[in-house]
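Before any comments, here is the structure.
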Ligand SMILES: C[S@@+](CC[C@H](N)C(=O)[O-])C[C@H]1O[C@@H](n2cnc3c(N)ncnc32)[C@H](O)[C@@H]1O
């Protein structure tokens, strides 16, 4: 217990200070111990916390281990990425390779009406299965058509989505010049192939990408697409996927000091195990992470998968990982993710030739998948956070956990924008979070009240920290939620936290 409290106190202090003395944490401990005893408890844990100690006059200075130099995109590299995001379509070579793979697998041209009809059926079957309650789902990808349907319907969106996520990692300084990456549940290689494409627009960054997958059909598709799309001897080396079940992983067979572990749309497919077991799988894999490495979890944005994923991240926090973003616990206390449905969006992709062909029919909407919506979290073993903004008891803002005491009153709050537009042109609605609420909180701005002083609520990107002064608290009984009404007297500003 003493050890647990010491670790969490050190984590807390280290999150706000580059260096501090071990003696400084003594006042925060229920059972104060002499410095040398504290040191013998904490010293084996320091490297995992991204910290090191230096003895100075009977005390120990605790210092953050500097992170590897981030790979920051040059102007030219950024321009190339922006051009890709303007086009928002999978590269032609990859699109053709998918078509050729379908032709090879089915022994007929991919656009033969019989094949298109079979792909239609595979897509519908996969979607029907997805929307069954978790226990009734049977996603196994053992049949050729389930993977061909995935290539036609899901691949393009998840491919472009991964590129958006890499752009975010690059902007956050979480990419390094040379990286070891592990993709869990890689399917037909969506993530590794998107990485190869993203890196092709960088000048001299390198990556070695490993992956795990249990479905042979997926592995076969991945291998074909990799050979067709990823240049041999290039700056990105995509290793052949390892066939394994991630519920029974042989850690020793994995690379060490991994810079980035990705779970993209996979944890929700572990249907037969509890949240606790899913969290343990992530924790187990995190042992192979470099001290300054990141874990990226991505899940579909639908309510069930999104809320479950957010609860999973809180379970991971309790098991010792820290959350880099998008959540930020600005009052210092950890949230309990109450029904937290929060997702990021990006502009829809353009149709590939294959999807256009699938859409030449009566119910075309059933075969077209272009919307990008995803829930994500980045976790770390060190305490690096995207935002370092903190509020304390004396600040002039009200915690969301106290909103019930202020219904009908005008107040000041600070929180993170945790959604894109949830309202409409007449009334803008955005989810807000400050990490303390047990009930959902929304900012509501009627369009006739928009002013230059409050329109940041609409324009600030997902994940921004906002201070809202002079909002009216309303309780929405129907949705058991609090609405913070923004009007023309409300002033909103954003906080650009310093990153270390
Ligand atoms: C929805 S696909 C996601 C593929 C890819 N990551 C993406 O984002 O498009 C889920 C993948 O996880 C794999 N998967 C599910 N459970 C697994 C397990 N227990 N072990 C290994 N792979 C698993 C499936 O075979 C499938 O390829």
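The values are calculated or read from the model by the stated rules, or taken from the named source; none is laboratory data. What you are looking at is a predicted structure, and each value in this text was computed from that prediction instead of being measured. So basically every Cβ, Gly included, is an ideal-geometry build from the backbone, and we count neighbours across all protein chains shown.
When the residues of the stretch 228-244 are filtered to those that are under 24 Å from the mean Cα position of the chain (by Cα) and assigned to a strand (DSSP E or B), which remaining residue is farthest from the ligand (Cβ to nearest atom)? My answer is 237.
How about the stretch 225-238: which of its residues are surrounded by 15 or more Cβ atoms within 10 Å (Cβ to Cβ) and more than 16 Å from residue 156 (Cα to Cα)?
228, 230, 235, 236, 237, 238
Going residue by residue through the stretch 144-162, is there one that turns out to be touching a strand residue (DSSP E or B) at 6+ places or on another chain (Cβ under 9 Å), within 16 Å of the ligand (Cβ to nearest atom), modelled with pLDDT under 95 and closer than 27 Å to residue 88 by Cβ? There is no residue in the stretch 144-162 that is touching a strand residue (DSSP E or B) at 6+ places or on another chain (Cβ under 9 Å), within 16 Å of the ligand (Cβ to nearest atom), modelled with pLDDT under 95 and closer than 27 Å to residue 88 by Cβ.
Residues to consider are 184, 261, 249; find the one that is more than 8 Å from the ligand (Cβ to nearest atom) and buried (at least 23 other Cβ atoms within 10 Å of the Cβ). Spell out how you get there, then give the answer.
Working: 184 fails: more than 8 Å from the ligand (Cβ to nearest atom); 249 fails: buried (at least 23 other Cβ atoms within 10 Å of the Cβ).
Answer to the selection: 261.
Restricting the first member to the stretch 245-261 and to residues that are farther than 19 Å from residue 291 by Cβ and outside any helix (DSSP H, G or I), and the second to residues that are at pLDDT below 90 and away from the ligand (no atom under 16 Å from the Cβ), no beta-carbon pair is closer than 8 Å while six or more apart or on different chains. Scanning the stretch 1-25 for residues that are surrounded by 13 or more Cβ atoms within 10 Å (Cβ to Cβ) and more than 24 Å from residue 389 (Cα to Cα) gives 2, 23. For the stretch 130-227, the helices (runs of 4 or more DSSP H) that sit wholly inside it and include 2 or more residues that are farther than 24 Å from residue 258 by Cα are 144-153, 155-171. Suppose the filter is free of Cβ contacts under 8 Å to residues at least 60 places away in the same chain and touching a helix residue (DSSP H, G or I) at 6+ places or on another chain (Cβ under 7 Å); does residue 487 pass it? In short, yes. For the stretch 14-29, a tally of residues being touching a residue at least 24 places away in the same chain (Cβ under 8 Å) and in a helix (DSSP H, G or I) returns 5. Residue-level analysis places residue 141 outside the set of residues that are at pLDDT below 95, more than 10 Å from the ligand (Cβ to nearest atom) and touching a helix residue (DSSP H, G or I) at 6+ places or on another chain (Cβ under 6 Å). Going residue by residue through the stretch 158-170, is there one that turns out to be under 19 Å from residue 255 (Cβ atoms) and surrounded by 22 or more Cβ atoms within 10 Å (Cβ to Cβ)? There is no residue in the stretch 158-170 that is under 19 Å from residue 255 (Cβ atoms) and surrounded by 22 or more Cβ atoms within 10 Å (Cβ to Cβ).
Total residues in the stretch 192-219 satisfying the condition of being away from the ligand (no atom under 12 Å from the Cβ) and farther than 27 Å from residue 87 by Cα: the figure is 1. If you go through the stretch 314-324 and pick out every residue that is within 19 Å of residue 374 (Cβ to Cβ) and in contact with a helix residue (DSSP H, G or I) (Cβ under 9 Å, 6 or more places away or on another chain), you end up with 2.
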